[in-house]
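What follows is one structure encoded as structure tokens, with my remarks underneath.
The values are calculated or read from the model by the stated rules, or taken from the named source; none is laboratory data. Every value quoted in this text rests on a predicted model; they were computed, and no experiment measured them. Here the Cβ is made from the backbone with ideal geometry for all residues, glycine too, and neighbour counts use every protein chain on show.
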Amino acid sequence: MAIRLAVVGAYLGALLGIGLLARAKRRKTPDDYFLASRTLPGWVLFLTMAATNFSAFTVFGFSGAGWRIGYAFYPIMAFGTGFMALSFVLIGHPVWRLGKEHGLITPPELVFQRTASPRLRLVFFLVMAAFTLPYLAIQPMAAGYALASLFGIPYYVGAVLVTIIILAYVLLGGFRGEVWTDVFQGAMMIVFMTLGLLAVAAPFGGMAAANRTAAADFPALFSRPGLDGTFTPGIWFGYMILWFLCDPMFPQLFQRFYAAKNPRALSTTMALYPLVTGFLFLLPVAIGVMGRLSYPRLPSGTASDQILPLLLHKHASPLVETLVLSAGLAALITTLDSQLLTLSSMFTRDVYAPLRARIARSRAEIAAPSEWVGRAFVVVLGLAGLALAYRPPATFLEITTEAFTGLAVLFPTVIAAIYWPRMTPGAAIASIVVGEGLVVAYHLKALPTFGTLPVVPVVVGTALVLVVGSFLTKRREGRHAPLLHPLSRKASMGWAGVLALFFLASQDVWAWGDNRLGWFGFPWWVWYSAGLCVLLAAAFWALGRTLERNGGGRS
């Protein structure tokens, strides 16, 4: 117990220390508090993007999915999330430029700057906040699981404790504190999750032997569809589309587009992303699959998302168990702190400031909204996440899939706001309302999914309403001018063709039903997907250099 307390205490103390150091360097401006003065170089931006995106879902949810479904979960996450990084230039480059030119800080401000519609700005905020909250809630849920396993304390006490610590250093350090804790915790995740996989495999003779034993006992976990045929080709395609559409709509990722030092930082992040997803995402999935050897059935009342703490408690030394679960804490903390700060900035600037502007007589009175409003909202959000975590409603995968679909509805509006001058605010609002109505209908199982995930028909319907509505309504003249892309039409079409081939290659339907094993006992198609991630990173690097040569990668 003393070892566990010392490790966790040192880790949480380090977070608070980083928050205090960041506070000492912080300048009292919104740009610095929310964006670290827009100065993040490529390697720092990459680490904070990755750490922020890789949440409790990555560590606890992936291992739970590995136990329930098998290795089939790995490719849709590794390649799907890596391919999503294309949005770092498709959306990130123009967002960075507009943010620098107009002093934008939040995602709704981007939409407002392009359309001059306060109603669309408010609708955009409400949707982002509403569908981020369920995702936010799984972070204290995972904290409760981890601390309950380590110290035997009640699940909810652990959730409350970690939330309080996160609130403390977010309020102390702002975005600068977040970034440096992300760098520290991102390294923790990679090193200690590797250690966790080795610890879980060791009792069965190492990774190769453990995989082969699991393949003999549970062959469906090594098949392309997964256990019970979970991932049909249509579902597989749906998840690939889901990550691409929803991830850049995470407010905490979107806001980091503004924080880049220059577009080259975004291109670097895009190129490195498939490498880290290809490696890191295999670790928790493999832990879950191997977990079937120790727990063919879970103890009564235990969720599959708790398989990692169960395995570590059974097989690892107290030191290794604590280090690996600290990596799990790092994953959830880097996401929760970012969600809190970003939603706080959105409330302060997109709700409170416009409301105050209606009351105040002088613009000078509202130039810098009171900092206490944002800080108070951070606390409110933390309490809301704890309330949702009190009784976990479903597995992490089920919670995130539905929440992410709600965020994906915003994707057509963002793309149109950036690239399509004909879009009208009224059509955008109608498309979002219709899209979220479809999300509710699918939640109630009132509509057919056509063999895929609801996100596909939902976003198709959303985009149709946006396009048709824009042609049927009058366009407001003014701010919304097209952005010029640095690539020629011919070059753009060529790159679109190359990336489309990558996406088609990821739908490797020829591997369905094939459970042959490759190196270290992993299915051969796992290595195929990992190799595809490496090739995608090379393609992204080449795309970034092309953009630089054409003027799209300089400040």
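Of all residues in region 89-115, those being closer than 30 Å to PHE281 by Cβ and either polar (S, T, N, Q) or out of contact with any Lys or Arg (no Cβ under 9 Å at 6 or more places or on another chain) (or both) number 9. Has region 207-225 got at least one residue that is modelled with pLDDT under 90 and of a type outside the set (S, T, N, Q)? Yes - at least one qualifying residue is present in region 207-225.
Do we find that ALA220 is surrounded by fewer than 16 Cβ atoms within 10 Å (Cβ to Cβ), assigned to a helix (DSSP H, G or I) and more than 27 Å from the chain's Cα centre (by Cα) in this structure? It is false that ALA220 is surrounded by fewer than 16 Cβ atoms within 10 Å (Cβ to Cβ), assigned to a helix (DSSP H, G or I) and more than 27 Å from the chain's Cα centre (by Cα).
You will find that of GLY494, GLY478, GLY461, the residue that is within 26 Å of VAL95 (Cα to Cα) and either modelled with pLDDT of 90 or more or touching a strand residue (DSSP E or B) at 6+ places or on another chain (Cβ under 6 Å) (or both) is GLY461 and no other. Annotation: LEU283 fulfils all but one of (1) surrounded by fewer than 24 Cβ atoms within 10 Å (Cβ to Cβ); (2) in a helix (DSSP H, G or I); (3) among the hydrophobic types (A, V, I, L, M, F, W, C); the unmet one is (1).
Can you tell me which residue in region 223-269 is surrounded by the fewest Cβ atoms within 10 Å (Cβ to Cβ), limited to those that are of a type in the set (D, E, K, R) and more than 17 Å from ARG38 (Cβ to Cβ)? Looking at the filtered set, the residue picked out is ASP228. The set of residues from region 500-518 being touching a residue at least 40 places away in the same chain (Cβ under 8 Å), surrounded by fewer than 14 Cβ atoms within 10 Å (Cβ to Cβ) and in a helix (DSSP H, G or I) comprises just one member, VAL509. Restricting attention to region 416-436 and to residues that are among the β-branched types (Val, Ile, Thr) and assigned to a helix (DSSP H, G or I), the residue that is nearest to SER87 (Cα to Cα) turns out to be ILE418. Scanning region 223-270 for residues that are farther than 27 Å from GLU548 by Cα, part of a loop (DSSP other than H, G, I, E, B) and of a type in the set (D, E, K, R) yields a total of 1.
Restricting to region 396-415, what's the tally of residues that are assigned to a helix (DSSP H, G or I) and closer than 24 Å to LEU98 by Cα? Walk me through it before giving the result.
Filtering region 396-415 down to residues assigned to a helix (DSSP H, G or I) leaves 396-408, 411-415.
If we keep only those that are closer than 24 Å to LEU98 by Cα too, we end up with 407-408, 411-415.
Of the residues in that region, 7 qualify.
Counting only residues that are crowded, with 24+ Cβ neighbours inside 10 Å and over 15 Å from SER63 (Cα atoms), region 324-347 holds 15 of them.
ARG422 fulfils the conditions (1) surrounded by fewer than 16 Cβ atoms within 10 Å (Cβ to Cβ); (2) over 18 Å from PHE471 (Cβ atoms); (3) not small (Gly, Ala, Ser) except for a single criterion, (2).
If you filter region 305-323 down to residues that are among the β-branched types (Val, Ile, Thr) and in contact with a Leu (Cβ under 7 Å, 6 or more places away or on another chain), you find that the one that is surrounded by the most Cβ atoms within 10 Å (Cβ to Cβ) is THR322. Within region 163-196, the set of residues being at pLDDT 80 or above and β-branched (Val, Ile, Thr) comprises THR163, ILE164, ILE190, VAL191, THR194.
Could you list, in sequence order, the residues of region 80-114 that are under 23 Å from SER304 (Cβ atoms) and in contact with a Cys (Cβ under 8 Å, 6 or more places away or on another chain)? Before you say what the answer is, go through the steps one by one.
Of all residues in region 80-114, those under 23 Å from SER304 (Cβ atoms) come to 80-81.
None; the set is empty.
Here GLY451 meets each of (1) in contact with a Gly (Cβ under 6 Å, 6 or more places away or on another chain); (2) small (Gly, Ala, Ser); (3) assigned to a helix (DSSP H, G or I) with one exception, condition (3). All but one of (1) modelled with pLDDT of 75 or more; (2) farther than 19 Å from LEU343 by Cβ; (3) of a type in the set (Val, Ile, Thr) hold for ILE18; which doesn't? Going through the list (1) modelled with pLDDT of 75 or more; (2) farther than 19 Å from LEU343 by Cβ; (3) of a type in the set (Val, Ile, Thr), ILE18 breaks only (1).
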